[in-house]
1. May I ask you to evaluate 6.51 cos²θ - 1.76 cosθ + 1.60, the Karplus curve with θ = phi - 60°, for each residue of the stretch 401-416 and list the ³J(HN,Hα) values in order in whole Hz, giving x for glycine and proline?
2. Convex hull over the alpha-carbon atoms of the stretch 51-145: what's its volume per residue in Å³?
3. Note down the Stokes-Einstein diffusion coefficient of the stretch 1-177 in µm²/s, whole number, using a Kirkwood radius over alpha carbon pairs, 20 °C, and 1.002 mPa s.
4. Would you mind putting 490-501, 50-61, 228-239 in packing order, based on average other-beta-carbon counts within 10 Å, highest first?
5. Can you pull out the trypsin sites (Lys or Arg not before Pro) in the stretch 80-157 whose DSSP state is coil and whose Cβ has at most 16 other Cβ atoms within 10 Å?
6. Taking a point 7 angstrom from the Cα of Arg108 along the C-beta vector, which residues in the stretch 154-168 have backbone N less than 17 Å away?
7. List the GluC sites (Glu not before Pro) within the stretch 128-176 that DSSP assigns to loop and that have no more than 13 neighbouring Cβ atoms inside 10 Å.
8. Using each residue's phi in the stretch 102-107, evaluate 6.51 cos²θ - 1.76 cosθ + 1.60 at θ = phi - 60° and report the 3J(HN,Hα) Karplus result to the nearest Hz, with x for Gly and Pro.
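What follows is calculated from the coordinates using simple rules that are stated; it is not laboratory data. Computed from a predicted structure; not experimentally measured. Positions of Cβ are generated from backbone atoms using ideal geometry, with glycine treated the same way; all protein chains shown enter the neighbour counts.
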Amino acid sequence: MHYFVTGATGFIGKRLVGKLLQRKGAVVHFLIRKESEGKVAALREHWGVGPARAVPVFGDLTEKKLGVSADDVKALKGQIDHFYHLAAVYDLGADEDSQVAVNIEGTRHTLDFAKAIGAGHFHHVSSIAAAGLYEGVFREDMFEEAENIDHPYFMTKHESEKLVRAETKMPWTVYRPALVVGDSQTGEMDKIDGPYYFFKLIQRMRQVLPPWMPSIGLEGGRINIVPVDFVVNALDHISHGQRKGGECFHLVDPVGYRVGDVLDIFSKAAHAPKMNLFVNAALLGFIPKSVKKGLMALAPVRRVRDAIMKDLGLPEDMLTFVNYPTRFDCRGTLAALKGSGVECPNLKDYAWRLWDYWERHLDPDLHRDRSLKGTVAGKVVLVTGGSSGIGLAAAHKFAEAGAITVICGRDQDKLDEACKEAKQKGYQFIAYPADIADMTDCDRFVQLLIANHGGVDFLINNAGRSIRRAIEGSYDRFHDFERTMQLNYFGCLRVTMGLLPGMVAKRKGHVVNISSIGVLTNAPRFSAYVASKAALDAWTRCASSEFADQGITFTTINMPLVRTPMIAPTKIYQNVPTLAPEEAADMIAQACIDKPVRIATRLGITGQVMHALVPRIAQIVMNTSFRMFPDSAAAKGEKGAKPQLSPEAIAMQQMMRGIHF
């Protein structure tokens, strides 16, 4: 049996050729561009056959009769039993001209070539998109009934199938696969398409929310998904049956799911929060098109829309198809496959394989330079409070990655020791003594940075002061609030605002502010500290909005408890699970690489959600912890006293990792 295949290097075509070559004595001729001749050896190796059974035919889909030489046409004449046409543009976002050139004109050229070589049976792999946005059930014997085919992808799929139906004299069969995803056994896929566009959103939800937390999903129309192995097996089996020609088969999932169900299935596969409540996207259909068009004419609305779509990796037209209205009858396909053992598997049974393959191979973040070296090498990075604790650990990471690492602190001896340690490790710090709580010294320090380094590229506002003392123990200690605010808020702002003009002039710069999980959980006994950090968070949100169009970005890290000298006076923390400074430094490195708006732990986000949704319950929980954990000896002014904790308190502090009590 001799076959000819276009699109043999594509996702479906490559697998179909492999399937055909499993037949005894099968020879497959496949179209390939001359400039891709170097790929032939690898293709044969993949298929496990030699030159006699996998024969390249050089040509181009966009040329008349595929641009195949007269000698090849003569050699193939009368030799091809089955001709499979799979080559097409499958990208919803492709421009109309390229889709017309390949999908319509390419099909016309393919038909002319198939006629010239006298192919026995023409198999055209179309798509369910040929039905357009048909309202209702689209049967396999329907074609002219297609409606709403204005979109270039729908239009070109419909028109290419029309050519086959109207101009083909040889026996022909049309196949309309649904949305094709990866292999149901291996998860293998070659690109991000269809439901994969939503994987990044699901991944983000998993990163910030615990899996048990209910979430809101998007309900929509029915979406039909099939794995590539089912499409190939069905295509192979049906095409080798006794076909009279002029038939159409829907290679679809007989079950089908709504968009919300699909998102929920993949959320479960990803161990992300389950979507318990759905917002019906059909509600968007009630908004008049004139209103939508008017809104999109507004620059701020377009910027918001574009930012969201870009951040989530969604193509511009994706939301157009959320309310997909068509269901597909496949009784002819089921009858043709009866007894063959070929059937479409249930999405729930293989969704985890698709997710696993995507996360291991297709996640766009895997292909970015996510190294700290690629981000900060040769750049000026300032770490305030860099002579000890979190700041010192972060400074080591930056210097090791090749950054021009500047640290500052009040204690010259500590700065010298830090520089000595860096030199022993093979790199160096540039250290300046500076008191960030002193506004005059901040100004002097900023001018020094500008004069010596031309400003900074990355600013890590790490210097801070923490005070753990109940309000009722602070009635006569108002200076605690003043000095905390002076360093954590005013000092941080003074340095940031001094360096911002230089960043604006270069139209680039990133500021990382080390905040606290206490801002999200409203931790008792930390009113002075949390208030100062909350003020910084609020200022950062305002600044982020003002500088969003000038290349300046900000990240707030709601840092959990870290074992540093700052918490040493509170002996109660000796039994509390905490992060090491190096782990905290990893969070700072992530902030510089990815530049997210916020980095927070799941526990912090949970606390924030609780305070937003059930504030009274959140207050009761925090009040219970407040009464359970006494002020430290240092806060009471006592020396040498050991904290006395109840068994309940010990259990709670182990459970609530990183919350400041």
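1. Result, ordered by residue: 7, x, 7, 7, 9, 10, 10, 9, x, 7, 9, 4, 4, 5, 5, 5 Hz.
2. Taking only Cα atoms, the stretch 51-145 has a hull volume of 132 Å³ per residue.
3. 129 µm²/s
4. The peptides rank, most packed first, as 228-239, 490-501, 50-61.
5. Those satisfying the criteria are Arg139.
6. Residues 155-168 fall inside that zone.
7. Here the sparse-neighbourhood loop sites are Glu135, Glu144, Glu145.
8. 8, 6, 8, 5, x, 5
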